[in-house]
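Contents: one structure, followed by commentary.
No lab work stands behind these numbers, since they all come straight from the coordinates. None of these values were measured; they are calculated from a predicted model. In this analysis, Cβ positions are derived from the backbone assuming ideal geometry, glycine residues included, and neighbour counts consider all displayed protein chains.
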């Protein structure tokens, strides 16, 4: 299985990960590996957030109804979409297994390898027992988090009917002799939950260092926030609420868009059809390689970012319609007007916004304070505690809506349990576009509440081959049915080949 050749540890003041890609089936070179001897060396490894924060999950980017795959935009400029946008956006199974650029699977297994290396090494290094316990819980957290993100992408939703379906390859050591067969979905979730149980032993406070909360490391707050996300996905609203409350108690600092958000002082000036036009970006757009703005975002529990290689999160018309375009400051700052001009749609002129959070390619995908308020609100609503649910969601809206808006605009109200759930789920889409929508569609379509079903997803777009979008193949209607097996994305064929066929592809 092509994942990671080895982690090179230099026993001095720094440690770093190699960039090679064979882990499960290729043995490391003996002359490139050094064994850590102290817990401090493992601390250095886990402090290197550059090796953990990025999630290049193209399923999250392209495959939901948050993404706008539109014939009209392609007609205006064919280069607006790469072929992967069409393939992921129409839930392809023919070409995607052979996409040589798909690296989300291998990227998350690199993190799992690191977690396993820490767990396997800790008994043999020097350090205090408290330090070792903290590192142990953190390694379990890293492993649980990565297995869960992989399961949401490459496996079917976990339901009683699906429990015997194929899950993940469960690596719990750094041994290259460990089997690479896919476990069942039930076994996969059993490991995730067992790891989460160990991770929840973490008692570390989410401390601030140099004006940044140390969200790149595990804490009591971050582990409970992930637990809240996990149990919401499992439809266990009691446990999800309990863990969300713990996370909020540990850390509840929010960004108030009325005072903490602003436009960038760097304004992009473009000439479109002979007319000077300005593109106003949020200040968070400015830094591509400087992590300061990202790490200083106060709402992070755990520093993870969805990454989009093509630099344009194209919001669907359905997503755009969910925002109050007059008073919602998320629309004002994140939906960048005229962004299509930045991407070359100037001749012919085609104006369309882009969703911008950090630079052009990153959106927070790790748990945040905002997400915990939404989880709390949804769990309360599902328990028919409607006033308490609306109070929780309105704590979020107070930080996102223009303070000069009428009170009835800022504060949502609900007339029933179902009305509350519907409005809270809409608020989730406004607050967490792209990053959580795929997970939400999967869980809402497979839970016991038929009233919140998303149903089938449908798109009309041109045909395509493995290499290009091809209008000559006609304008086609593509549908993802509610219970489709395509809710499990294809595993890269390179992984199947390097396992000599031991890893089995998803069946469609």
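Scanning the range 276-289 for residues that are under 17 Å from residue 311 (Cα atoms) and free of Cβ contacts under 8 Å to residues at least 40 places away in the same chain, we see that the one that is surrounded by the fewest Cβ atoms within 10 Å (Cβ to Cβ) is 289.
Applying the set (1) surrounded by 15 or more Cβ atoms within 10 Å (Cβ to Cβ); (2) closer than 28 Å to residue 102 by Cα; (3) in contact with a helix residue (DSSP H, G or I) (Cβ under 8 Å, 6 or more places away or on another chain) to residue 255 leaves exactly one unmet item: (2). Looking only at residues of the range 314-352 that are touching a helix residue (DSSP H, G or I) at 6+ places or on another chain (Cβ under 7 Å) and farther than 30 Å from residue 408 by Cβ, we find that the one that is surrounded by the most Cβ atoms within 10 Å (Cβ to Cβ) is 352. If you check 177, 250 for being over 29 Å from residue 160 (Cβ atoms), without any contact (Cβ under 8 Å) to a residue 12 or more places away in the chain and surrounded by fewer than 22 Cβ atoms within 10 Å (Cβ to Cβ), only one passes: 177. The number of residues in the range 63-73 being part of a helix (DSSP H, G or I) and in contact with a helix residue (DSSP H, G or I) (Cβ under 6 Å, 6 or more places away or on another chain) comes to 1. Scanning the range 169-208 for residues that are touching a strand residue (DSSP E or B) at 6+ places or on another chain (Cβ under 7 Å) and part of a helix (DSSP H, G or I) yields 185, 187, 188. Quick check on my filter: what residues within the range 142-156 are within 19 Å of residue 45 (Cβ to Cβ) and in contact with a strand residue (DSSP E or B) (Cβ under 6 Å, 6 or more places away or on another chain)? None - no residue of the range 142-156 is within 19 Å of residue 45 (Cβ to Cβ) and in contact with a strand residue (DSSP E or B) (Cβ under 6 Å, 6 or more places away or on another chain), so the list stays empty.
Just a yes or no: is a residue in the range 487-497 loosely packed, with under 14 Cβ neighbours inside 10 Å and under 21 Å from residue 61 (Cα atoms)? Looking through the range 487-497, none of the residues is loosely packed, with under 14 Cβ neighbours inside 10 Å and under 21 Å from residue 61 (Cα atoms). Within the option set 435, 458, 479, being in a strand (DSSP E or B), within 26 Å of the chain's Cα centre (by Cα) and closer than 24 Å to residue 335 by Cβ holds for one residue only, 458.
Do you know which of the residues in the range 45-62 that are part of a loop (DSSP other than H, G, I, E, B) and out of contact with any strand residue (DSSP E or B) (no Cβ under 8 Å at 6 or more places or on another chain) is farthest from residue 491 (Cα to Cα)? Taking the candidates together, the pick is 48. Of the conditions (1) more than 17 Å from residue 476 (Cβ to Cβ); (2) under 23 Å from the mean Cα position of the chain (by Cα), residue 34 clears all except one; give me its number. Every condition holds for residue 34 apart from (2). The lone criterion from (1) over 30 Å from residue 403 (Cβ atoms); (2) free of Cβ contacts under 8 Å to residues at least 60 places away in the same chain; (3) outside any helix (DSSP H, G or I) left unmet by residue 216 is number (2).
Look at (1) crowded, with 16+ Cβ neighbours inside 10 Å; (2) touching a residue at least 60 places away in the same chain (Cβ under 8 Å); (3) under 22 Å from the mean Cα position of the chain (by Cα) and you find that residue 100 fails only one, number (1). The residues in the range 221-247 that are free of Cβ contacts under 8 Å to residues at least 60 places away in the same chain, assigned to a helix (DSSP H, G or I) and either over 21 Å from the mean Cα position of the chain (by Cα) or surrounded by fewer than 22 Cβ atoms within 10 Å (Cβ to Cβ) (or both) can be counted, and the count is 3.
Residues checked against (1) buried (at least 23 other Cβ atoms within 10 Å of the Cβ); (2) in a helix (DSSP H, G or I):
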position: 86; (1), (2): yes, yes
position: 152; (1), (2): no, yes
position: 161; (1), (2): no, no
position: 167; (1), (2): yes, no
